[in-house]
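Note sheet for the following structure.
The values are calculated or read from the model by the stated rules, or taken from the named source; none is laboratory data. Keep in mind it's a predicted model, so treat the numbers as computed, not measured. Cβ: placed from backbone, ideal geometry, glycine included. Neighbour counts: every protein chain shown.
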Amino acid sequence: MKGKPGKATSARDEAALAKLARTVVRHRNRQKRTQEDVAHSAEIALRTYQNLEVGRLNPGYLTLLRVAQGLEMRLGDLLNDVR
């Protein structure tokens with residue numbers, strides 16, 4: 001089933017996005033940083049970052065790469081933590 005870009009299309013997709021969201025929030029909180037700070041460091045819009053943190057955004061590769069960089073970590077490490 002194909003959905004709109006950026007949207008979850010199934011319960012499995014929504015669960016995966018929720019896991020990603022929890023992981024991103026956990027890393028940000030460990031660093032004692034604000035959403036604004038990470039979004040600025042990642043060079044993405046604050047709203048985009050906020051939507052990622054609540055599981056509303058199915059991010060593309062470049063967004064994920066920027067978020068990882070904004071959190072000062074490698075993308076592979078971020079994705080491994082999602083498991």
### Residue list for the stretch 69-81, filter: surrounded by 14 or more Cβ atoms within 10 Å (Cβ to Cβ) and in contact (Cβ under 8 Å) with a residue 12 or more places away in the chain
69, 70, 71, 73, 78, 81
### Query
Do you know which residues across the stretch 23-62 are hydrophobic (A, V, I, L, M, F, W, C), surrounded by 17 or more Cβ atoms within 10 Å (Cβ to Cβ) and within 9 Å of the chain's Cα centre (by Cα)?
24, 52, 57
### Query
For residue 21, all conditions in the list (1) at pLDDT 95 or above; (2) at positive phi; (3) among the small types (Gly, Ala, Ser) hold save one; what is the number of the exception?
(2)
### Query
Can residue 30 be described as more than 25 Å from residue 10 (Cβ to Cβ), basic (Lys, Arg) and modelled with pLDDT of 95 or more?
yes
### Condition met for residue 53 (of a type in the set (Asp, Glu) and within 23 Å of residue 9 (Cβ to Cβ))
yes
#### Entry: Filtered residue count, the stretch 26-62, keeping only those that are in a helix (DSSP H, G or I) and among the hydrophobic types (A, V, I, L, M, F, W, C)
6
### Query
Do we find that residue 65 is in a helix (DSSP H, G or I), surrounded by 14 or more Cβ atoms within 10 Å (Cβ to Cβ) and touching a residue at least 40 places away in the same chain (Cβ under 8 Å) in this structure?
no
